[in-house]
């Protein structure tokens with residue numbers, strides 16, 4: 001096992017150890033925090049595919065997080081009320097089954113990503129950042145004015161969706177579901193980045209002209225990566241909705257986009273376990289600094305500033321450098 | 001008809017405030033190649049400075065001066081301490097560092113001023129309504145905002161096309177090394193441009209704070225709309241920012257006012273209201289998508 005692989009495994013193992021340790025010591029609250037970290041890390045792994053490997057600085061990934069969440073909320077609330085989600089063009093019934101909701105959330109998110117990605121990828125660089133941000137804001141305002149599903153107040157559903165053979169209300173079992181999905185997404189991400197497609201994608205980030213000169217269209221590569229990335233973030237959104245049993249426009253807000261990006265950068269861009277370390281540290285800081293001052297986000301801002309200015313590789317970048325020295 | 005001309009004026013007024021924001025952003029991007037998310041924080045800072053000084057002294061004029069100078073000073077400080085280190089970095093790092101600045105500014109403002117909104121009272125000379133030709137009553141202060149917007153646009157045009165500073169700014173956009181080799185202090189020039197953009201954002205904050213309310217987080221929605229304006233107008237082009245700001249302002253005001261009644265002609269009123277409002281709030285983004293399909297580099301952009 002190479003150093004990077006060892007580091008990735010160690011970070012993931014640390015998250016699992018925290019959850020199981022907390023369960024053994026009877027601290028379900030900490031298990032729930034670890035679950036939140038796993039879900040946010042899943043969103044980060046998704047964004048990393050576009051941002052770290054594809055070089056697409058999307059500042060609008062909250063839109064996919066939110067759509068995944070809303071699909072979950074809408075299906076669950078219709079299942080609870082016993083009404084169909086839609087009767088046109090054909091009847092779609094509500095569902096309280098995670099295995100039914102997840103694919104739906106990923107498909108809807110991917111469709112949104114095809115449209116947003118195809119339009120945004122007409123631009124590059126700083127335009128791309130602004131355009132993705134703007135499209136996310138559009139969906140945010142749409143959700144606010146969509147009264148049928150709660151509008152500004154958001155949408156609550158009282159029963160967490162079910163998974164065959166498991167009790168999703170038991171904190172450790174829901175953590176296990178989230179952690180397995182996170183591990184699968186990390187494995188998928190590792191496979192993709194090593195495949196022909198992933199290599200071409202990374203080449204297109206490094207040198208667009210040369211990739212075009214070898215007869216590959218960067219647009220198709222980037223759009224595919226954008227859609228895959230969005231689908232993973234959508235799945236994370238679905239889990240996040242289930243964690244809170246609540247979805248609201250806040251999941252779609254620019255602030256959420258910024259936070260998902262922070263997980264990736266805090267951990268280390270383009271590193272497999274970067275988002276896991278980033279989300280874990282973020283949750284940890286939220287708990288520690290949140291206890292010190294209600295203005296903890298200002299401290300988070302200063303820390304983030306220090307990382308960007310002085311440690312561009314993020315936490316894992318620092319750790320990897322430390323290991324190399326040993 | 002009366003409704004229509006009132007909405008056109010609302011759209012112009014909204015567009016002018018967006019222009020004040022977008023002008024600073026596009027100037028900073030054009031000259032320094034920097035994307036600054038914290039521009040919205042400078043807008044918020046201007047609004048708070050105006051509300052606080054106007055509240056303490058009772059003078060709106062002093063409040064306006066305070067908003068300009070506080071935002072310019074904060075802009076210069078932030079440029080020297082943080083932003084300066086970001087010019088050579090890639091856009092991702094600029095986005096993150098300025099996102100971090102938003103967190104610091106927002107929580108700082110919440111700490112100093114609390115979470116409750118502040119309200120600004122209009123000076124008596126600018127309050128009330130005026131009768132426009134055609135018999136339309138329109139608030140004087142909103143007309144004043146349109147006037148300020150036009151004055152700033154003309155002033156910026158004169159500054160950039162006629163003054164020595166303007167020549168340096170244009171030269172800095174074209175070739176930074178050459179300008180430095182000719183003996184211009186690039187670092188000071190950049191601080192000045194950043195402070196100028198910040199002052200415009202602060203002014204916009206003070207003006208909008210007067211018709212709405214002054215609170216933490218007021219800057220970011222406007223910032224994102226200013227991004228839409230810049231994308232439509234073309235990055236780095238002040239002329240583009242002006243045209244696009246008015247376009248966005250008018251589209252938003254007219255869309256929100258007219259769509260519900262347009263839909264009401266083909267469907268029942270409550271459904272028409274719902275769809276009309278939802279679509280009205282999405283209209284400017286649809287406009288942006290249209291411009292992206294037609295001209296990805298924006299109306300006045302050189303090349304994407």
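Using bins of 5 Å that start at zero, the share of Cα-Cα pairs per bin across segment B:118-166 amounts to 5, 18, 16, 17, 14, 11, 10, 8, 2, 0, in whole %.
Volume of the convex hull of segment B:71-154 (Cα atoms only), normalised per residue: 192 Å³.
Each listed q (0.11, 0.13, 0.21 Å⁻¹) maps to a log10 I(q)/I(0) for segment B:179-304, found by the Debye formula over equal Cα scatterers with no solvent: -0.54, -0.71, -1.20. Which residues among segment A:101-122 fall inside the zone where the amide N is under 13 Å from a point 7 Å beyond the Cα of residue A:217, along Cα→Cβ? Residues passing the 13 Å test: A:118, A:122. Counting only other chain Cβ atoms within 10 Å of each residue's Cβ, the peptide B:79-87 averages 1.
Converting the Cα gyration tensor eigenvalues of segment A:230-304 into ellipsoid dimensions via √(5λ) gives semi-axes, longest first, of 21, 17, 11 Å. You can think of it this way: the chain between residue A:81 and residue A:207 has 40.1 nm of extra reach, that is 0.36 nm per residue less the Cα-Cα gap.
For the Cα trace of segment A:148-303, dividing Rg by the Kirkwood Rh returns an Rg/Rh value of 1.03.
As a ratio to 2.2 N^0.38 Å, the alpha-carbon radius of gyration for segment A:3-325 is 0.98. Contact order, relative form, for segment B:224-269: 23 percent (alpha carbon pairs under 8 Å, 6 or more residues apart, mean separation divided by residue count).
For chain B, take the longest principal axis of its alpha carbons; what is the angle in degrees between that and the long axis of helix B:219-233, to the nearest 10 within 0 to 90? Roughly 80 degrees between the two axes. For the protein assembly as shown, the alpha-carbon coordinates run over 74, 67, 55 Å along the three principal axes, in decreasing order.
Give me the inter-chain shielding for A:134-141: mean count of other chain Cβ atoms within 10 Å, whole number please. It would help to have the intermediate numbers written out before the result.
Working: counts 11, 5, 2, 10, 10, 2, 3, 8.
Mean partner shielding for this stretch: 6.
Between residue B:154 and residue B:127, the FRET efficiency estimated from the beta carbon spacing at R0 = 22 angstrom works out to 0.30.
Look at the alpha carbon pairs under 8 Å that are at least 6 residues apart: their mean separation over the length of segment A:3-325 gives a relative contact order of 33 percent. Sorted fewest first by neighbouring Cβ atoms within 10 angstrom, A:33, B:42, A:284 come out as A:284, A:33, B:42. What residue among B:113, B:141, B:19 shows peak mean-square fluctuation when chain B is described by a Gaussian network model with Cα springs under 10 Å? Its mean-square fluctuation being the largest, the pick is B:113.
Between residue A:107 and residue B:182, the simple spin-label model (points 7 angstrom out along Cα→Cβ) gives 6.2 nm. Put simply, the C-alpha atoms of segment A:72-177 give a gyration tensor, and the ellipsoid matching it has half-axes of 30, 18, 15 Å, longest first. Per residue of B:286-296, other chain Cβ atoms within 10 Å of the residue Cβ number 3 on average. Peptides A:155-163, B:261-269, ordered by how many other C-beta atoms sit within 10 Å of their residues on average, highest first, read A:155-163, B:261-269.
The order of the peptides A:17-24, A:118-125, A:211-218 by mean Cβ neighbours within 10 Å, most packed first, is A:118-125, A:17-24, A:211-218. If R0 is 25 Å, what FRET efficiency do you get for residue A:20 and residue A:99 from their C-beta distance, rounded to 0.05? The value I calculate is 0.55. Helix content alone sets the calculated 222 nm mean residue ellipticity of chain B: runs of n ≥ 4 DSSP H residues at -39500 (n - 2.57) each, divided across all residues, give -26000 deg cm²/dmol.
For segment B:101-156, averaging the sequence separation of C-alpha pairs within contact (under 8 Å, six or more residues apart) and dividing by the residue count gives a relative contact order of 19 percent. The calculated pair-distance distribution of segment B:27-136 uses every alpha carbon pair, bins of 5 angstrom beginning at 0, and gives 2, 11, 17, 18, 14, 11, 10, 7, 5, 3, 1, 0 percent. Compactness of segment A:128-212, taken as the C-alpha radius of gyration over 2.2 N^0.38 Å, stands at 1.69. Among A:138, A:98, A:56, the largest mean-square fluctuation in a Gaussian network model of chain A (Cα springs under 10 Å) belongs to A:138. For segment B:39-70 and segment B:84-130, what is the separation of their C-alpha centers, rounded to whole Å? The two parts, judged by their Cα centres, are 12 Å apart. Listed from fewest to most Cβ neighbours within 10 Å, the set B:256, B:239 follows the order B:239, B:256. Over the C-alpha trace of segment A:1-112, radius of gyration and Dmax come out as 18.1, 54 angstrom. Spacing of the modelled spin labels on residue B:112 and residue B:270, each 7 Å from Cα toward Cβ, amounts to 4.8 nm.
By how many degrees, between 0 and 90 and to the nearest 10, does the Cα long axis of helix B:39-57 differ from the longest principal axis of chain B? Helix B:39-57 sits at roughly 80 degrees to that axis. As a rough footprinting exposure proxy, the listed residues A:153, B:252 were ranked by other beta carbons within 10 Å of their own, and the order from fewest upward is A:153, B:252.
From helices alone, chain A scores -24500 deg cm²/dmol at 222 nm; the rule is -39500 (n - 2.57) for each run of n ≥ 4 DSSP H residues, then divide by the residue total.
Eigen-decomposition of the gyration tensor built on the alpha-carbon atoms of chain B gives equivalent ellipsoid semi-axes of 32, 24, 19 angstrom, largest listed first. On C-alpha positions alone, give me the angle between the axis of helix B:2-32 and the longest principal axis of chain B, in degrees, nearest 10. So the inclination is approximately 10 degrees.
Only the coordinates and a few stated rules stand behind these numbers; no lab work does. Keep in mind that what you see is a predicted model, and the values were worked out from it rather than measured. Because the Cβ atoms are built from the backbone with ideal geometry, glycine has one as well, and the counts that use them run over all protein chains shown.
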